[in-house]
Every structure is written in C-alpha cells, then in structure tokens.
Amino acid sequence: MSPDLQPTAAIYNLLDYDARRFTSAEMQLKKVLPDWISKAGSLELKTALEKYMAFTEEHIQKMDSFIKTSKKTLPTLSNRVMQSFIQEAKEKLKSRSDAMFKDACLIDCVLEITRFKINTYGTAAAFDEAEVQELQMNKFLADLVIEDNFA
C-alpha cells in the first residue's frame, strides 16, 4: 500500500484487501467441511457441520456480492491463518482413530475457527464504523458475526 495514499483511499484499499481474505477463508473452509462431515461420528455433529457449511456458503455469496458492489475486480488472496487452522485440524484428526476423539477434535477445531472469524469480522466491523461504507459494510459484517455466534 502506497504511503502517499489519502487516508480514505487507504481505508478503502484495506477493506478491499480484507474482503478478499475473508472470501478466501470461507472458500477454504467450504472445501474442507465435507471431509469433516464424513469424519464426524455422531449424527448431531454431522448435522451441525452441515448447517455450518450452509452458513459458510451464505458468507461466500455475501462476500462476493459486497466485492461486486465495490466495483473492483481484484484477485482472491490466500488466507494463511485459515490454512493453518485447517492444517492443524488435519494433524489432530490423524493422531487418533476413535470416533469420540475425532468428534471432540472436530468440535474444538470448528470452535477455534469460529472464534477467529468472529474476531476478524468484528475487528473489520469496528474499523468500518470509523469511516467507510458505513451502514452497508457494518450491517454485512454484523450479520456474519451473528450467524457465526449462533452456528
């Protein structure tokens, strides 16, 4: 980011950057969730993960819509934090084969990811209140936080 950008332009660039990272995180999560659903032992956990996948798909659609309304065509960025969460989950799941352990592991991993997402979206929402795209972005991010809190 150029140091000579006006503050408002720099904020818009940061929001665009974050929107692309949010989309990447959701897409990475959507890709791994079917595998986690198949590894879940309890029907209740499978159902919860399927519901979470539906929320994730909604988030991707909302992020795509937001990016389109910003009228910028920017490449999606890789979200290394989400990659780390997913990799850690894979390693934990490989460490033992019993169903109860896998279910506990999946619950723990999804909770960690959900906390990360709530924090990330919440930080962006707080930052958004300062200046840019006031109501549109704030409502959008608040909806994502609410959905993740009740997922």
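The values are calculated or read from the model by the stated rules, or taken from the named source; none is laboratory data. Source: prediction; values computed, not measured. Here the Cβ is made from the backbone with ideal geometry for all residues, glycine too, and neighbour counts use every protein chain on show.
How many of the residues making up the stretch 33-75 are at pLDDT 95 or above and buried (at least 18 other Cβ atoms within 10 Å of the Cβ)? Final tally of qualifying residues: 2. Take the residues in the stretch 78-103 that are more than 22 Å from residue 118 (Cα to Cα) and hydroxyl-bearing (Ser, Thr, Tyr), then tell me which one is surrounded by the most Cβ atoms within 10 Å (Cβ to Cβ). In this case the residue turns out to be 95.
Is it fair to say residue 127 is modelled with pLDDT of 90 or more, surrounded by 12 or more Cβ atoms within 10 Å (Cβ to Cβ) and among the aromatic types (Phe, Trp, Tyr)? No, not satisfied.
In the set (1) at pLDDT 75 or above; (2) of a type in the set (Gly, Ala, Ser); (3) not in a helix (DSSP H, G or I), the condition left unmet by residue 151 is number (1).
Take the stretch 46-69 and flag every residue that is among the basic types (Lys, Arg) and free of Cβ contacts under 8 Å to residues at least 24 places away in the same chain. Reasoning before the result, please.
First, the residues of the stretch 46-69 that are among the basic types (Lys, Arg): 46, 51, 62, 68.
Passing the criteria: 46, 68.
In this structure, residue 24 does not satisfy being free of Cβ contacts under 8 Å to residues at least 40 places away in the same chain and either part of a helix (DSSP H, G or I) or buried (at least 19 other Cβ atoms within 10 Å of the Cβ) (or both).
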